[in-house]
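The values are calculated or read from the model by the stated rules, or taken from the named source; none is laboratory data. Since we're looking at a predicted model, the values are computed, not measured. Because the Cβ atoms are built from the backbone with ideal geometry, glycine has one as well, and the counts that use them run over all protein chains shown.
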């Protein structure tokens, strides 16, 4: 999928690109998570784009995203229920939530470091102002 957006921040070798949510997101398996009008994408900056530039970003489908999101949201709920159950058996067993939460956090950090970025800036794009100027010139040329 290709998205056009504006570079808002550079952190070598990545660029953070803000774009309006594309219509193709409606069919994406992960669209229920976003629910935002604007999307911020971290992409490899192969063309040395600078902040303020308009670029085209190409993204690939990430098949591990549902698994990672399940871990991200369901594990804390599981720790909560397990801690409550252990509390009802022996109150001091509820302290097991502390090491479980620490392990959860460490695994999240490892996932964050090892999960690759699958977006890449492929080219520069016209800014909306440039596009409107181009449309006006084309319309003026067609009327003559």
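The set of residues in the stretch 45-70 being buried (at least 16 other Cβ atoms within 10 Å of the Cβ) and more than 13 Å from the chain's Cα centre (by Cα) consists of 45, 49, 53, 54, 55, 56. Selection of the stretch 95-126 for residues being at pLDDT below 90 and in a helix (DSSP H, G or I) yields 111, 112, 113, 114.
Every condition in (1) under 23 Å from residue 12 (Cα atoms); (2) part of a helix (DSSP H, G or I) holds for residue 62 except the one numbered (2).
Only a single item in (1) at pLDDT 85 or above; (2) surrounded by 13 or more Cβ atoms within 10 Å (Cβ to Cβ) is not met by residue 9, and it is number (2).
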